[in-house]
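Beneath this line is the structure, given in structure tokens, with notes to follow.
The values are calculated or read from the model by the stated rules, or taken from the named source; none is laboratory data. Keep in mind it's a predicted model, so treat the numbers as computed, not measured. Quick reminder, even Gly has a Cβ in these numbers, built from the backbone with ideal geometry, and neighbours come from all protein chains shown. Protein only, heavy atoms only, side chains kept; ligands, DNA and RNA dropped before computing areas. Shrake-Rupley method; radii C 1.70, N 1.55, O 1.52, S 1.80 Å.
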Amino acid sequence: VQLQASGGGLVQPGGSLRLSCAASGSIFSINNMGWHRQAPGKQRELVATVDRSGSTIYADSVKGRFTVSRDKTQKTVILQMNSLKPEDTAVYYCNAGLLPGRTGPFWGQGTQVTVSS
């Protein structure tokens with residue numbers, strides 16, 4: 001499974017960004033897809049995930065601001081980020097796995113999100 005992320009960039013506090021991640025390869029086995037992030041000097045943390053049934057999990061810090069979804073083909077996972085805060089600044093990584101709600105073994109390349117005025 002290969003994951004190709006896109007989106008990210010520089011945005012002012014309160015702004016919005018949209019991240020997208022497309023899966024290719026042996027994707028028939030993939031159930032869960034989502035996003036993690038890693039800020040400088042911190043451990044990588046879960047941001048949001050969505051499984052094939054549409055069940056989602058969000059970090060408390062992003063609830064009500066971020067929305068994770070998948071397209072009809074189930075090959076692409078999207079993270080819509082609204083009301084961004086400086087503390088959302090991090091490298092965001094797409095993730096995919098076989099089990100619903102679980103971090104999987106497949107990772108995409110990171111994409112930088114910077115929230116700053």
Margin query: Test of the criteria: in the range 1-47, which trypsin sites (Lys or Arg not before Pro) are in a DSSP loop and have at most 15 other Cβ atoms within 10 angstrom of their Cβ?
Written below: 42
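Using only alpha carbon positions, build the gyration tensor of the range 52-117, then give the equivalent ellipsoid semi-axes as the square roots of 5 times its eigenvalues, largest first, whole angstrom.
Each semi-axis is √(5λ); the values are 22, 14, 11 Å.
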Next item on the list: For residue 42, go through the aspartates and glutamates and keep the ones whose alpha-carbon is under 16 Å away, minus same-chain ones fewer than eight residues off.
Entry: 87, 88
Notebook entry, point to check: How large is Rg/Rh for the chain, to two decimals, with Cα atoms and a Kirkwood Rh?
Noted result: 0.95
Next item on the list: Note down the relative contact order for the chain as a percent, whole number, built from C-alpha pairs under 8 angstrom at least six residues apart.
Entry: 37 percent
Note to self: Antiparallel versus total DSSP beta bridges in the chain: what percent is that, nearest 5?
What the structure shows: 90 percent
Check: If you roll a 1.4 Å probe over the chain with all protein chains in place, what percent of the accessible area is carbon or sulfur?
Finding: 50 percent
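In Å², and per residue, what accessible area does the chain have when probed at 1.4 Å with the other protein chains present?
In whole numbers, the chain has 52 Å² accessible per residue.
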Next item on the list: Could you state the orientation-averaged shadow area of the convex hull built on the Cα atoms of the range 1-49, in nm² to one decimal?
Entry: 4.5 nm²
